[in-house]
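Shown next, in structure tokens, is the structure this report addresses.
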Amino acid sequence: MTFWLPIAHALVARKDLPIPAWLFAWGASIVLIVSFFALSIAWRQPRFEDERWRPLAPGASRALLGLPVQLLCGAIGVFLLGFSIYAGLDGTAAPDRNFALTFLFVTCWLGFALFSVIFGDVFRPFNPWRAVGRLVGGAFTLVAGQRPAHLRYPARLGRWPAAVGLLAFVWLEVVYGANGGVAVGLSPDTAALAALLYSLYTLAMMAAFGVEEWCRTGEVFSVYFGMFSRLGSFGVKEGRLGRRLPLASSTSWATVPGSVAVVVASIATTSFDGAQEGAFKNGIVKVFEWLADAGLSLTASLRLSATVFMLLCFAGVGLVYLLGVRGMSTVGGAPSFAKLRSGFAHTLIPIAFAYLVAHYFSLFVFQEQAQFTFLLSDPLGTGTTDLFGTASSGIDFQVLSANAIWYVQVAALVIGHVAGLTLAHDRATAYWGDYRQAARSQYWMLAVMVAFTCFGLYLLSVANA
Amino acid sequence: MNSNAAKVALGVGTIAVAIVLLVVLKNDSGESTSTSDAGGKVPVIVVEHGKPVGGVKDLTYNAGERVRFEVRSDVSDEIHVHGYDLMKDVEAGGSVEFDFPATIEGVFEAELEGRGEQIAQLTVNP
């Protein structure tokens, strides 16, 4: 480190303008019109319960899923994680000049979510912990002559560890590292330390319960990106690459307990991040002042008040969903509450993805310019390295006009809404034998979806206000 | 789960969410107009003891206008306008003026770089 910089910088140098009132009104109207239109054209037989899986050419499976590619992808994953930790610990303390923060929180966190929807579960081959776990497991089998024995994973725990981990990850990013005018900031070395601790924890859990079992249930990023990959039309089944009906694979996602918590946590954390400098700002400031008056330090007060609102978000999103499920269970011929609760969880995945796009689309476009220019050439931010000759390039904030960002945001929410409604209606036709009862149950899910979509629009309309 | 208990729990939850929404909805902001309309006077941000007097100053412009403001500071520091990436040094007791075209739409911070203290929020509307 050659010079000292304060760590109060946010990564974001340009924040989005709030969407104007007229666009908010249009967006909300379109959502309502689309919803009622959907009710009127509703189909009577489930169409998405069967994925309609068609394998791709065997050559493609052999080439893309073979051992050499697995080894290569795993090695790339391990190298990039290791390099990020090194850059975080050894590089500059300025978050926007250090490779680690942008790479972990923007390139991977947002990039894998996006590419999972388009190309399928691409995180799986690159997952550094899975790669290490499989390598160690393979070596053990070779030496000991038998496969490693694992503890039985408690089935009831399901995906709860992933849900908690998801909250913790976003908490680290937006609460612990918040930049709310008080000089608190997620420093690269804190992020690197957190990545190290998470690696130890993950490898320990993999040793205890088995690599694939932990990836299926507890490993935050496998579960999170895997969830989004269910929306797309590419997937792997029994070692073969194939195509399927878009959205259809999500219908079998929530069969593991705790899945509701994962998708609710996803929506809640994104809404909280969108709201903390806008819609929730006054509330957070009030709780902050109250805590600071009670004698807590400023930093602790800020983090605690933000934590309270993040948990409120989680509870609020969960309650809206559970109310919808409760409503559905009153319709004649309904399955049990528990079956409905997990049976409709996947209908929230498109909403979660829409929230992600709406809130982080511009950040992704801006930070990826940094990622592939100065952060690539000068990853430690020393100011003296220039590996690829791009160290002096900056971010062109003019590539996106305010209008372009607004349209992408509103379009994402509306499309997510339609996809969510489609899945909910389809599931209802599968659960209710009687078509009319199925349609009646969907007034409840319609209300849930409209609530989430309009809340998303509302958050965008007061962003940073 | 007992169905009455569940109903009570959901009812209480709904009220909690409604209260949160009420708090949230109170935070309505009015339509903002351009700072440059305000009688042609250049806005001044006064920094005392390393903090902006009267809190973070809101500067709002339409794209294409000229952004002009002056900073008078009792501490020496570097002033950084994010996004536009403009930096100017200010001496203790001195002042410095910014004057540049509003070419990038969005919301940006201007801060005392050394202290990490935000002094202005620049909004450029399309």
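Quick notes on this structure:
- For the stretch A:48-89, filtered to residues that are surrounded by fewer than 16 Cβ atoms within 10 Å (Cβ to Cβ) and charged (D, E, K, R), the residue that is nearest to A:TRP432 (Cα to Cα) is A:GLU49.
- Boolean, A:ALA168 is without any contact (Cβ under 8 Å) to a residue 60 or more places away in the chain, in a helix (DSSP H, G or I) and within 13 Å of the chain's Cα centre (by Cα): yes
- Filter pass, A:ARG156 being closer than 17 Å to A:VAL256 by Cβ and part of a helix (DSSP H, G or I): yes
- Yes/no for A:ALA391 being buried (at least 16 other Cβ atoms within 10 Å of the Cβ) and either closer than 16 Å to A:SER329 by Cα or of a type in the set (Lys, Arg) (or both): no
- Considering (1) more than 14 Å from chain A (Cβ to nearest Cβ); (2) modelled with pLDDT under 90, the lone condition that B:VAL46 does not fulfil carries the number (2).
- Any hit, the stretch A:250-264, residues being in contact with an Asp or Glu (Cβ under 9 Å, 6 or more places away or on another chain) and either surrounded by fewer than 23 Cβ atoms within 10 Å (Cβ to Cβ) or in a helix (DSSP H, G or I) (or both): yes
This table checks each residue for (1) within 14 Å of chain B (Cβ to nearest Cβ); (2) of a type in the set (A, V, I, L, M, F, W, C); (3) without any contact (Cβ under 8 Å) to a residue 40 or more places away in the chain.
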| site | (1), (2), (3) |
| --- | --- |
| A:ALA268 | yes, yes, no |
| A:LYS281 | yes, no, no |
| A:ALA292 | no, yes, yes |
| A:LEU304 | no, yes, yes |
| A:MET310 | yes, yes, no |
| A:LEU323 | yes, yes, no |
| A:THR330 | yes, no, yes |
| A:GLY343 | no, no, no |
| A:HIS346 | no, no, no |
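- Verdict on A:ILE395 being within 14 Å of chain B (Cβ to nearest Cβ), outside any helix (DSSP H, G or I) and touching a residue at least 40 places away in the same chain (Cβ under 8 Å): yes
- Test: residue in the stretch A:143-157 that is within 30 Å of A:GLY416 (Cβ to Cβ) and crowded, with 22+ Cβ neighbours inside 10 Å: no
- Within the stretch B:88-108, considering residues that are small (Gly, Ala, Ser), surrounded by 12 or more Cβ atoms within 10 Å (Cβ to Cβ) and not in a strand (DSSP E or B), the one farthest from the other protein chains (Cβ to nearest Cβ): B:GLY94
- A count restricted to the stretch A:184-231 and to residues that are in contact with a Phe, Trp or Tyr (Cβ under 7 Å, 6 or more places away or on another chain), at pLDDT 95 or above and either of a type in the set (A, V, I, L, M) or not in a helix (DSSP H, G or I) (or both) stands at 8.
- Unmet criterion (only one of (1) more than 14 Å from chain A (Cβ to nearest Cβ); (2) under 23 Å from A:VAL12 (Cα atoms)) for B:ILE79: (1)
- Unmet criterion (only one of (1) out of contact with any Asp or Glu (no Cβ under 7 Å at 6 or more places or on another chain); (2) over 22 Å from A:SER249 (Cα atoms)) for A:ASP386: (1)
- Options A:LEU110, A:LEU135; residue that is closer than 30 Å to A:LEU89 by Cβ, surrounded by fewer than 18 Cβ atoms within 10 Å (Cβ to Cβ) and not basic (Lys, Arg): A:LEU135
- All of (1) modelled with pLDDT of 90 or more; (2) under 17 Å from A:LEU11 (Cα atoms) hold for B:THR123 with one exception: (2).
The values are calculated or read from the model by the stated rules, or taken from the named source; none is laboratory data. Values in this document were obtained by computation on a predicted structure and should not be read as measured data. Positions of Cβ are backbone-derived with ideal geometry, glycine not excepted, and every protein chain shown enters the neighbour counts.
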